[in-house]
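> Please read through the structure below; I'll follow up with questions.
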Amino acid sequence: NAGVMQNPRHLVRRRGQEARLRCSPMKGHSHVYWYRQLPEEGLKFMVYLQKENIIDESGMPKERFSAEFPKEGPSILRIQQVVRGDSAAYFCASSPAQESEQYFGPGTRLTVT
Amino acid sequence: DAKTTQPPSMDCAEGRAANLPCNHSTISGNEYVYWYRQIHSQGPQYIIHGLKNNETNEMASLIITEDRKSSTLILPHATLRDTAVYYCIVRVLGAGNNRKLIWGLGTSLAVNP
């Protein structure tokens, strides 16, 4: 049973470009969570999605950031017009149910130059 | 804001027990304590969680004080591969019944030969 998969693992974007991060949850998991981690810090919750629905986006910036989890395919975290402050590691986690522990992917390291 | 405080770093000799403390004095009655670890910037790995009672699994034991204001994660026989950052986390109830993990800064555990 493959774990949570994220791609790309490393992404370099220039200021003003768009970054698109993908997350494939574990088989049978319909709950997806996105987190951001700055160097030397813990993870910060961004958004929680179930298939086709955003449930909790309280941690996501109101502008430039969006997330989706379509019926078919991976979950996507999209950052438009990236700025240097967006440079961070972005982790995706999935779970089979709301009450279950979350399983994390290897992360995408975004660098904005 | 983080709901947990942990010492920034600890050392442990290989083969000995590692006891990692955590304070969560503002925890509410229905909020769980979770522990994850992160090895060298990889995706976090679930260890254990509990509400009131002490818990044990194949990786670790979790001791929660009676007033629930603090807890201790115990790795009974630490190995070099247990060197990691250990996060004590409070799971709160967010929007849409989201079980949201609130991460602190963690404890960097170094297991020495």
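> Quantify how much of the Cα-Cα distance distribution of the protein assembly as shown extends past 28 Å, in percent. Each step should come with its number before you reach the end.
Details: 7771 of 25425 pairs.
Result: 31 percent of Cα pairs exceed 28 Å.
> Over chain A, with every protein chain in place, what whole percent of the accessible area is carbon and sulfur at 1.4 Å, could you tell me? Mind showing how you got there, number by number?
Details: 2600 of 5660 Å².
Ligands and nucleic acids excluded, carbon and sulfur give 46 percent.
> Placing +1 at every Lys and Arg Cβ and -1 at every Asp and Glu Cβ, with all other atoms neutral, what dipole size does chain B have around its Cα centre, in debye to the nearest 20? Before the final figure, lay out the partial values.
Details: 10 positive and 9 negative charges, 57 e Å.
Using only the charged Cβ atoms, the result is roughly 280 debye.
> Continuing with the same structure: Which value, in Å² and to the nearest 10, is the accessible area of residue B:62 when all protein chains are kept and the probe is 1.4 Å?
Only protein atoms counted, so the area is about 0 Å².
> What is the distance in Å between the Cα centres of the stretch A:92-113 and the stretch B:15-30?
23 Å
> Across the stretch B:64-77, in residue order, what do the Karplus-derived ³J(HN,Hα) couplings come to in whole Hz, using 6.51 cos²θ - 1.76 cosθ + 1.60 with θ = phi - 60° and x for Gly and Pro?
Values per residue, Gly and Pro as x: 10, 5, 4, 7, 6, 8, 7, 8, 9, 8, 10, 9, x, 9 Hz.
> So, one more: Quick one: which residues, 5 or more positions from residue A:5 or on another chain, have an amide H under 5 Å from its amide H? H modelled 1.01 Å from N in the peptide plane, none for Pro or chain starts.
For residue A:5, the qualifying residues are A:24.
> Say each of residue B:13 and residue A:53 gets a label point 7 Å from the Cα, pointing the same way as Cα to Cβ; how far apart are those two points in nm?
It is 5.5 nm.
> Tell me, how many Å apart are the Cα centres for the stretch A:1-67 and for the stretch B:40-59?
22 Å
> Test of understanding: given chain A, find the longest segment containing no trypsin sites (Lys or Arg not before Pro) that are in a DSSP loop and have at most 12 other Cβ atoms within 10 Å.
Details: sites that count: A:9, A:14, A:15, A:27, A:62, A:71.
In short, A:72-113.
> Among the lysines, which fall within straight-line cross-link reach of residue B:52, defined as a Cα-Cα distance under 30 Å, with same-chain neighbours fewer than 8 residues apart omitted?
Straight-line reach from residue B:52, under 30 Å: A:44, B:3, B:69, B:100.
> Using the Karplus curve 6.51 cos²θ - 1.76 cosθ + 1.60 with θ = phi - 60°, work out ³J(HN,Hα) for each residue of the stretch A:99-113 in order, rounded to whole Hz, and write x for Gly and Pro.
Computed from phi, the couplings for the stretch A:99-113 are 7, 7, 5, 9, 10, 9, x, x, x, 10, 9, 9, 10, 10, 9 Hz.
> Please list the non-local residues whose amide H lies under 5 Å from the amide H of residue A:56, H modeled 1.01 Å from N, same-chain partners needing a gap of 5 or more.
The answer is A:48.
> Grab the beta carbon distance between residue B:69 and residue B:112, set R0 = 25 Å, and tell me the FRET efficiency rounded to 0.05. Please report the intermediate quantities before stating the final value.
Values: r = 31 Å, r/R0 = 1.23.
The formula returns an efficiency of 0.25 here.
> Let me ask something additional. Running a GNM on chain B with Cα contacts under 10 Å, which residue among B:88, B:12, B:22 ends up with the highest mean-square fluctuation?
B:12
> A follow-up question, please. With all protein chains present and a 1.4 Å probe, how do B:49, B:24, B:40, A:10 order by accessible area, largest first? Mind showing how you got there, number by number?
Working: B:49 50, B:24 0, B:40 165, A:10 130 Å².
Accessible-area ranking of B:49, B:24, B:40, A:10, largest first: B:40, A:10, B:49, B:24.
> Test of understanding: in a Gaussian network model of chain A with alpha carbons linked when under 10 Å, which of A:103, A:48, A:90 would top the mean-square fluctuation ranking?
A:103
> Go through the stretch B:80-95 residue by residue and turn each phi into a ³J(HN,Hα) via Karplus (6.51, -1.76, 1.60, θ = phi - 60°); whole Hz please, and just put x for glycine and proline.
Using θ = phi - 60°, the values come out as 4, 6, 7, 5, 5, 9, 10, 9, 9, 10, 9, 9, 10, 9, x, 4 Hz.
The values are calculated or read from the model by the stated rules, or taken from the named source; none is laboratory data. A quick note: this is a predicted structure, and the numbers were derived from the prediction, not measured. Cβ sites come from the backbone with ideal geometry, for glycine too, and all protein chains shown count toward neighbours. Quick note on the areas: whole protein, heavy atoms, side chains included, nothing else; ligands and nucleic acids left out. Shrake-Rupley method; radii C 1.70, N 1.55, O 1.52, S 1.80 Å.
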